[in-house]
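The values are calculated or read from the model by the stated rules, or taken from the named source; none is laboratory data. It should be emphasised that the depicted structure is a prediction, and the values quoted were computed from it without experimental measurement. Glycine gets a Cβ as well: all are built from the backbone with ideal geometry, and neighbour counts include every protein chain shown.
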Amino acid sequence: MKLNIPVEETIRKRISVRTYEPKSLSEKDKEELRKEISILTNPFDAKVNIHLIEKDIASNGEKLGTYGVIKGAKTFLGLSVDKSEFGLIAAGYQFENLILYATNMGLGTVWLAATFSREQFENAMNIKKNELFPAISPIGYVAGKRSVTESLMRKTMKSDKRKPWEEIFFMNSFENPLSKEEANEYVNPLELLRLAPSATNAQPWRVVKKQGFYHFFETHKSNTKEDEIMIKKVDLGIGISHFHQVALERGLAGNFEKLTDLKLQVPDNTNYVISWKIDK
Ligand SMILES: Cc1cc2nc3c(=O)[nH]c(=O)nc-3n(C[C@H](O)[C@H](O)[C@H](O)COP(=O)(O)O)c2cc1C
């Protein structure tokens, strides 16, 4: 389902926000968000759960911790999903759609997968034991000036930069970069995927165009820990949300399929996830 917002414009506007005005979301904004949360879907047939809580109502009265990274925010979103083949991709997709919706409302957000106290939020959001709980995000009104911690983080992760096309998009094989001419009507879906946020700005997505398909891959080093691999899949879901939503906005038809026989030489540390089949 296409988001009912100007997608490309909103993707270009979105930026991580870690410094907020110290107040809760208004009831009106909360109501609008709850309504959107109740209608969001994903094209991967997985049930994604999105939670919304006030920091002050943590069950044990303890302040919910974000390790000094987040300043001011009082309202938080959380993301959980059952374990399944595409659960984490669907989670990344659906939560990013909410992040874009909130951005269009003028609200600040930031994906957090590492710098928060998982146990405290798990309790406060009543996450079930058998669910995966990949991330949360504060949600609120953007403060006038970034904290020193936030400015430093952006610099360290080069958050204003992204990898160039030729490092992530390929034609027919991983040896051959995809030109914008070859991408044709898919230049914008790919360009807006390229601008997506990812954990530590690692941008683990790779895409190969071949014979009526765009094949999506995820990369990580062989010594990556299990919970970090989990976040790479979420990153892929985020990138795919941008690709898909921009395709829908531009009236490009197709659907997602997992192929069993790719007939493609795949480099080390690169893992096939799913393909977009172009409808002619
Ligand atoms: C899945 C995911 C997890 C993230 N985890 C954290 C985190 O734990 N702490 C944090 O400060 N930022 C986190 N970020 C924010 C990224 O650092 C940020 O998106 C990236 O540097 C690009 O900056 P931008 O979002 O402003 O474009 C995360 C982003 C994503 C997509």
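Which members of the range 121-177 meet the condition of being loosely packed, with under 15 Cβ neighbours inside 10 Å, within 19 Å of the chain's Cα centre (by Cα) and acidic (Asp, Glu)? Within the range 121-177, just 160 meets the criteria. When you check residue 193 against the structure, is it at pLDDT 95 or above, over 29 Å from residue 24 (Cα atoms) and under 17 Å from the mean Cα position of the chain (by Cα), yes or no? The answer is yes for residue 193.
With respect to (1) in a strand (DSSP E or B); (2) surrounded by 15 or more Cβ atoms within 10 Å (Cβ to Cβ), the lone exception for residue 193 is condition (1).
Which residue out of 200, 224 is surrounded by fewer than 21 Cβ atoms within 10 Å (Cβ to Cβ), within 16 Å of the ligand (Cβ to nearest atom) and part of a loop (DSSP other than H, G, I, E, B)?
Details: 200 fails: part of a loop (DSSP other than H, G, I, E, B).
Selected residue: 224, the only one of 200, 224 that is surrounded by fewer than 21 Cβ atoms within 10 Å (Cβ to Cβ), within 16 Å of the ligand (Cβ to nearest atom) and part of a loop (DSSP other than H, G, I, E, B).
Selection over the range 84-120 of residues that are of a type in the set (Phe, Trp, Tyr) and over 13 Å from the mean Cα position of the chain (by Cα) gives a count of 2.
Do we find a residue being touching a His at 6+ places or on another chain (Cβ under 9 Å), within 9 Å of the ligand (Cβ to nearest atom) and not assigned by TED's automatic domain parsing to the domain that holds residue 68 anywhere in the range 151-162?
Within the range 151-162, none of the residues are touching a His at 6+ places or on another chain (Cβ under 9 Å), within 9 Å of the ligand (Cβ to nearest atom) and not assigned by TED's automatic domain parsing to the domain that holds residue 68.
State whether the residues of the range 64-75 include one that is within 25 Å of residue 201 (Cα to Cα), in a strand (DSSP E or B), modelled with pLDDT of 90 or more and more than 16 Å from the ligand (Cβ to nearest atom). Yes, the range 64-75 has at least one match. One residue is enough: does the range 251-262 have a residue meeting the conditions within 25 Å of residue 46 (Cβ to Cβ) and in contact with a His (Cβ under 7 Å, 6 or more places away or on another chain)? For the range 251-262, residues within 25 Å of residue 46 (Cβ to Cβ) and in contact with a His (Cβ under 7 Å, 6 or more places away or on another chain): present. Taking the listed residues 139, 99, the one that is in contact with a strand residue (DSSP E or B) (Cβ under 7 Å, 6 or more places away or on another chain), in a helix (DSSP H, G or I) and either at pLDDT below 95 or within 23 Å of residue 34 (Cα to Cα) (or both) is 99, with no other qualifying.
Looking across the range 1-46 at every residue that is part of a loop (DSSP other than H, G, I, E, B), over 17 Å from residue 78 (Cα atoms) and among the aliphatic types (A, V, I, L, M), the one that is farthest from the ligand (Cβ to nearest atom) is identified as 1.
Scanning the range 250-280 for residues that are assigned to a loop (DSSP other than H, G, I, E, B) and in contact with a helix residue (DSSP H, G or I) (Cβ under 9 Å, 6 or more places away or on another chain) returns 250, 252, 253. The set of residues in the range 200-253 that are basic (Lys, Arg) and over 14 Å from the mean Cα position of the chain (by Cα) comprises 206, 209, 210, 221, 225, 250.
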